[in-house]
Every structure is written in C-alpha cells, then in structure tokens.
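Visitor: Please find one structure pasted underneath; my questions will follow.
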Amino acid sequence: DTAVSQTPKYLVTQMGNDKSIKCEQNLGHDTMYWYKQDSKKFLKIMFSYNNKELIINETVPNRFSPKSPDKAHLNLHINSLELGDSAVYFCASSQSPDRGNEQFFGPGTRLTVL
Amino acid sequence: GNSVTQMEGPVTLSEEAFLTINCTYTATGYPSLFWYVQYPGEGLQLLLKATKADDKGSNKGFEATYRKETTSFHLEKGSVQVSDSAVYFCALRASGGYQKVTFGTGTKLQVIP
C-alpha cells in the first residue's frame with residue numbers, strides 16, 4: 001500500500017556516469033515534485049509537475065532532466081554526475097498545487113557519487 | 001521572497017519534558033503553514049498544518065498556532081517521548097498560482113530516557 005515509491009533506494013556510481021531515479025504515486029494526485037536534501041538536511045525543491053506539465057523549475061543544472069510520462073510517474077535523469085550531486089533525493093506528490101494541500105513524500109534515494 | 005527561519009538544533013530533552021521549536025516566516029499574503037517530521041532513514045511526513053490566521057494545528061500531542069501578528073508558527077508538545085526523536089521542518093506555501101513549498105532548515109530533536 002505504498003503511497004509514493006522511489007527506486008532505487010540507494011545508488012552508488014562513478015563521476016561522469018548517467019543515472020535515473022524513478023518515482024510513482026498511487027494516491028491519484030495531480031502534482032509531483034523532486035527535492036534534494038543535502039548532508040545538513042537542507043531541503044531544496046528542484047522541479048514540480050502538475051498534470052504532466054512542468055510548473056516549477058528551480059535553478060538546477062541542466063544535467064538534471066525530469067520526465068513525467070503520466071500523472072502517476074515522475075522520473076529524474078541525471079547526466080554526467082558530479083561529486084556535488086551526492087545527496088538524498090525525495091519525490092513527493094500532492095492533490096494539487098493549492099496552498100493548503102500537504103505533500104506526501106517517498107522514502108528517498110540516497111545517491112553517492114564517487 | 002518567502003522564507004522560514006527555525007531554531008537551530010540539535011535539541012536534546014529528557015523524556016516527558018516540554019518541547020518548543022520556534023518558527024518564524026516571511027511571506028506576502030496569506031500562506032499556509034506546516035510542520036513536517038522526518039524520522040531517521042525516512043521521507044518527510046506531515047505532522048500538522050494551519051491555513052489561516054489563529055488556526056491551531058494539532059496531531060499526536062503536538063500543536064502549533066498560526067500567529068499572523070508575530071509571523072510565527074511555533075511547535076509545542078507537553079511531554080515528549082523517545083519515539084519523538086526526529087528532524088522537524090517548518091514550512092510555508094504562499095497563496096496565488098503555483099507556489100513552491102519553502103522549508104526551514106530543520107531542527108533535530110533527540111529525546112533521552
């Protein structure tokens with residue numbers, strides 16, 4: 001009965017590689033998000049999609065490319081990985097972008113770039 | 001722009017102590033305010049929220065009141081338990097259009113028996 005799931009949970013890779021993280025939600029929500037959490041627990045929004053349309057695109061290197069094939073999925077592809085990309089990446093969803101709606105978070109993907 | 005400031009941690013308390021984690025915000029209009037909790041190795045989950053001034057959010061013994069006059073949303077609990085040990089995030093979402101959620105830097109709480 002997982003609400004927001006991410007795969008993989010752990011990802012260890014070499015600098016320069018390309019990797020993807022997948023996210024799926026079964027809550028019927030319209031809006032999905034990607035966040036990056038650094039080692040100090042600081043949480044930063046990267047992208048948000050509403051009904052498969054990109055609505056928030058923060059200042060993120062263009063090596064990061066989100067893709068939403070349908071409302072239930074939001075994947076994150078990262079090209080040419082760098083050491084500074086090491087972090088925990090969280091996917092989240094909400095019913096809509098409305099200000100009162102809570103976000104439901106996935107368990108996170110811990111990315112380590114060597 | 002919008003911002004959230006919360007007290008730095010870590011906060012270490014003995015079991016059954018009173019907890020306060022301060023949170024103040026800067027935003028235009030009438031934002032919604034949230035407290036999220038992150039247990040070790042997990043994603044964030046909503047603890048409580050308030051969507052208008054003077055609203056009180058409450059859950060699992062935690063509560064926070066939306067104070068527009070002081071732009072604050074302090075988290076309180078009367079008697080903490082070891083199981084409350086986690087990182088607590090204050091957050092806001094502004095009104096109007098597609099607004100992102102702005103999170104505070106998080107406050108780590110450790111409760112010792």
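Visitor: I'd like the full set of residues that are open to solvent by less than 20 Å² (accessible area, probe 1.4 Å) and at pLDDT 95 or above, limited to region A:18-31.
Guide: A:Ile21, A:Cys23, A:Gln25
Visitor: Take the residues in region B:19-46 that are touching a strand residue (DSSP E or B) at 6+ places or on another chain (Cβ under 6 Å) and part of a loop (DSSP other than H, G, I, E, B), then tell me which one is nearest to the other protein chains (Cβ to nearest Cβ).
Guide: Checking each candidate, the answer is B:Gly43.
Visitor: If you don't mind, there's one more thing I want to ask. Filter region A:74-114 for residues that are out of contact with any Gly (no Cβ under 9 Å at 6 or more places or on another chain), crowded, with 21+ Cβ neighbours inside 10 Å and of a type in the set (Gly, Ala, Ser) and give the result.
Guide: A:Ser94
Visitor: Also, quick follow-up: When A:Pro97 is evaluated against the numbered criteria (1) touching a Pro at 6+ places or on another chain (Cβ under 9 Å); (2) in contact (Cβ under 8 Å) with a residue 60 or more places away in the chain; (3) facing chain B (nearest Cβ under 10 Å), which criterion, by number, is the only one it fails?
Guide: (1)
Visitor: Ok, one more. Of all residues in region B:67-86, count the ones that are open to solvent by less than 50 Å² (accessible area, probe 1.4 Å), outside any loop (DSSP other than H, G, I, E, B) and free of Cβ contacts under 8 Å to residues at least 60 places away in the same chain.
Guide: 4
Visitor: Considering each residue of region B:2-46, count those that are farther than 18 Å from B:His74 by Cβ and open to solvent by less than 20 Å² (accessible area, probe 1.4 Å), and give that number.
Guide: 3
Visitor: For the subset of region A:1-17 comprising residues that are assigned to a loop (DSSP other than H, G, I, E, B) and in contact with a strand residue (DSSP E or B) (Cβ under 7 Å, 6 or more places away or on another chain), which member is modelled with the lowest pLDDT? Explain how you work it out, then say what you get.
Guide: The initial filter retains those residues of region A:1-17 that are assigned to a loop (DSSP other than H, G, I, E, B), namely A:1-3, A:8-9, A:14-17.
After this cut, where a residue has to be in contact with a strand residue (DSSP E or B) (Cβ under 7 Å, 6 or more places away or on another chain) as well, the list is A:3, A:8-9, A:15.
Numbers: A:Ala3: 92, A:Pro8: 97, A:Lys9: 96, A:Met15: 97.
Ranking the qualifying residues of region A:1-17, first place goes to A:Ala3.
One line per residue, one yes/no per condition, for (1) at pLDDT below 95; (2) closer than 30 Å to A:Arg110 by Cβ:
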{"position": "B:Thr12", "(1), (2)": "no, yes"}
{"position": "B:Glu16", "(1), (2)": "no, no"}
{"position": "B:Leu19", "(1), (2)": "no, yes"}
{"position": "B:Tyr30", "(1), (2)": "yes, no"}
{"position": "B:Pro40", "(1), (2)": "yes, yes"}
{"position": "B:Ala53", "(1), (2)": "yes, no"}
{"position": "B:Arg67", "(1), (2)": "no, no"}
{"position": "B:Leu75", "(1), (2)": "no, yes"}
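Visitor: Continuing with the same structure: Just one of (1) modelled with pLDDT of 95 or more; (2) within 12 Å of the chain's Cα centre (by Cα); (3) more than 13 Å from chain B (Cβ to nearest Cβ); (4) open to solvent by 10 Å² or more (accessible area, probe 1.4 Å) trips up A:Lys36, so point out which.
Guide: Answer for A:Lys36: the failing condition is (3).
Visitor: Residue by residue through region B:50-91, note down the ones that are facing chain A (nearest Cβ under 9 Å) and either closer than 23 Å to B:Glu8 by Cβ or among the aromatic types (Phe, Trp, Tyr) (or both).
Guide: Within region B:50-91, B:Val87, B:Phe89, B:Ala91 meet the criteria.
The values are calculated or read from the model by the stated rules, or taken from the named source; none is laboratory data. The shown structure was predicted, so the numbers you read here are calculated from the model rather than taken from an experiment. Every residue, glycine among them, receives a Cβ derived from its backbone with ideal geometry; neighbour counts consider all protein chains shown. In case anyone asks, the SASA skips ligands and DNA or RNA and just uses the protein heavy atoms, side chains included. Shrake-Rupley method; radii C 1.70, N 1.55, O 1.52, S 1.80 Å.
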